[in-house]
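Notes follow the structure.
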Amino acid sequence: MTKLCREVWIEVNLDAIKKNLRAIRRHIPNKSKIMAVVKANGYGHGAVEVARHALEHGASELAVASVEEGIVLRKAGITAPILVLGFTSLSCVKKSADWNIELTAFQADWIQNANKILENEDSANQLGIHINVDTGMGRLGVRTKEKLLAVVNAVTASKFLRWAGIYTHFSTADEPDTTLTKLQHDTFISFLSFLKKQEIELPTVHMCNTAAAIAFPEYSADMIRLGIGMYGLYPSDYIKQLGLVKLEPALSLKARIAYVKTMRTEPRTVSYGATYIAEPDEVIATLPVGYADGYSRELSNRGIVLHRGRRVRVAGRVTMDMIMVSLGEDGEGKQGEEVVIYGQQKGAEITVDEVADMLNTINYEVVSTLSRRIPRFYIRDGEIIKVSTPVMYV
Ligand code: UAH
């Protein structure tokens, strides 16, 4: 294993990602393609490696949040279609075309301006456009049929643009009350029917995220946009409880104990603010992970990690780069021993969902905020096949 100077790392089990893609593939109609959503550094798992692996195992397109995220994938040699799901400023239109990155659009004037820019600045590629229809997300997207028609006409009139897709996004597909999802679906279908009535031929139609693909596979259309499920996490407890698709988490966060001491001498205070006072025989271990790694400060005196398969608690405040954990009174622990912060050890487990609950947030936030400074180890068939580090380790 690569020697780390600061011993905290993420392990990404690529076999789990493959299994998750297969499980979803089996659940949705054969004709529906899979767009792997790798925004936010592949939900913290590493965008390039996840994208490559997803494309090998059933995905045919990729989605990101910004042109810059798309360029990272292109620079890594990825040639599959890439869609930016967010709003892109007109100043990046030429760059997007040059890198062959498709954009989300929903305003006729934006399209006309994009057309003018591409007319004036020579690009080798047409710019692919996916039109976003807002059926109830209230974030981005065209909201009326008349405006949709104007957007479609603007795209199809331009020889510099290529109409690649039309999509909507569900806001409550992970919840037990399906009323709004059904309404959003029906609204989207009525927008599509309206276009068909004008004899407009539709490009790739897509609407499902993970939750909708699991709960409403019949809505999969030409393509689903698969994010959290590919990483082995459920969009919500409700979707997990449906029991329709079995997913396996791909990510573990691990560290080695940096230092161990018994708190014999006074003061027995631990960390900033001295919010934890150890017992005289208590053994405290220091781990090289902190809030700058994405281990939330909210886990101060609350977080749990696994040591020798046992759940041990964070002692005192989480600091920027380190935490302390209590190994108990007369506890045992050794410098260099492996601890698991998220994941499994000797039959015990700390799930990302459990951490998300503690933080009053969702699993998406826990994984996507894992810092890029943590090295990522990619594991296939039990072997580390790649290490990705912010700096090259020697
Ligand atoms: C527009 C859009 C997103 O912003 C995100 C996704 C993926 O969602 P999941 O992670 O819940 O699958 C799809 N589409």
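The values are calculated or read from the model by the stated rules, or taken from the named source; none is laboratory data. Only a predicted model underlies this, so the values are computations on that prediction, with no experimental measurement involved. Positions of Cβ are backbone-derived with ideal geometry, glycine not excepted, and every protein chain shown enters the neighbour counts.
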Considering only the range 198-228, how many residues are in a helix (DSSP H, G or I), near the ligand (Cβ under 9 Å from one of its atoms) and either modelled with pLDDT under 95 or surrounded by fewer than 24 Cβ atoms within 10 Å (Cβ to Cβ) (or both)? 1
Among the listed residues LEU21, LEU55, which satisfies the condition of being of a type in the set (A, V, I, L, M, F, W, C) and touching a Gly at 6+ places or on another chain (Cβ under 8 Å)? LEU21
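When only residues in the range 158-189 that are over 26 Å from the mean Cα position of the chain (by Cα) and touching a residue at least 24 places away in the same chain (Cβ under 8 Å) count, which is farthest from the ligand (Cβ to nearest atom)? Reasoning before the result, please.
Of the residues in the range 158-189, the ones over 26 Å from the mean Cα position of the chain (by Cα) are 158-163, 179, 183, 186-187, 189.
Among the residues that remain, those that are also touching a residue at least 24 places away in the same chain (Cβ under 8 Å) are: 158-163, 183, 187.
Details: SER158: 24, LYS159: 28, PHE160: 25, LEU161: 20, ARG162: 20, TRP163: 18, LEU183: 18, THR187: 16 Å.
Among those residues, the one meeting the criterion is LYS159.
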I'm trying to understand the selection: among the residues of the range 340-379, which are out of contact with any Leu (no Cβ under 8 Å at 6 or more places or on another chain) and of a type in the set (Ser, Thr, Tyr)? THR351, THR361, SER368, THR369, SER371
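Which residue is farthest from the ligand (Cβ to nearest atom), if the candidates are limited to the range 108-142 and must be more than 27 Å from the chain's Cα centre (by Cα) and assigned to a loop (DSSP other than H, G, I, E, B)? Reasoning before the result, please.
Step one: list which residues in the range 108-142 are more than 27 Å from the chain's Cα centre (by Cα), which gives 108-126.
So of that shortlist, the ones also assigned to a loop (DSSP other than H, G, I, E, B) come out as 121-126.
Values: GLU121: 28, ASP122: 31, SER123: 25, ALA124: 28, ASN125: 23, GLN126: 23 Å.
So, considering only residues that are more than 27 Å from the chain's Cα centre (by Cα) and assigned to a loop (DSSP other than H, G, I, E, B), the one farthest from the ligand (Cβ to nearest atom) is ASP122.
Collect the residues in the range 30-52 that are of a type outside the set (A, V, I, L, M) and either in contact (Cβ under 8 Å) with a residue 60 or more places away in the chain or within 14 Å of the ligand (Cβ to nearest atom) (or both), keeping them in residue-number order.
Step one: of the range 30-52, the residues of a type outside the set (A, V, I, L, M) are 30-33, 39, 41-46, 49, 52.
Matches in the range 30-52: LYS31, SER32, LYS33, LYS39, ASN41, GLY42, TYR43, GLY44, HIS45, GLY46, GLU49.
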At pLDDT 95 or above, of a type in the set (Gly, Ala, Ser), more than 10 Å from the ligand (Cβ to nearest atom) and in contact with a helix residue (DSSP H, G or I) (Cβ under 6 Å, 6 or more places away or on another chain): is that true of ALA150 in this structure? yes
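Results for (1) out of contact with any helix residue (DSSP H, G or I) (no Cβ under 9 Å at 6 or more places or on another chain); (2) farther than 20 Å from LEU127 by Cα, shown as yes or no for each residue.
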{"site": "LEU4", "(1), (2)": "yes, yes"}
{"site": "VAL8", "(1), (2)": "no, yes"}
{"site": "GLU11", "(1), (2)": "yes, yes"}
{"site": "ALA40", "(1), (2)": "no, yes"}
{"site": "ALA47", "(1), (2)": "no, yes"}
{"site": "ALA76", "(1), (2)": "no, yes"}
{"site": "CYS92", "(1), (2)": "no, no"}
{"site": "GLU102", "(1), (2)": "no, no"}
{"site": "PHE106", "(1), (2)": "no, no"}
For ARG373, state whether it is more than 29 Å from GLU248 (Cβ to Cβ) and part of a loop (DSSP other than H, G, I, E, B). no
Scanning the range 229-272 for residues that are within 16 Å of the ligand (Cβ to nearest atom) and either assigned to a strand (DSSP E or B) or in contact with a Phe, Trp or Tyr (Cβ under 6 Å, 6 or more places away or on another chain) (or both) gives TYR231, LYS240, ALA250, LEU251
The range 53-78, residues that are surrounded by 15 or more Cβ atoms within 10 Å (Cβ to Cβ) and on the phi > 0 side of the Ramachandran plot: GLY58
Does ARG25 satisfy the criteria of being of a type in the set (Lys, Arg), away from the ligand (no atom under 16 Å from the Cβ) and within 19 Å of the chain's Cα centre (by Cα)? no
Matching residues, the range 301-339, being assigned to a strand (DSSP E or B) and at positive phi: GLY328
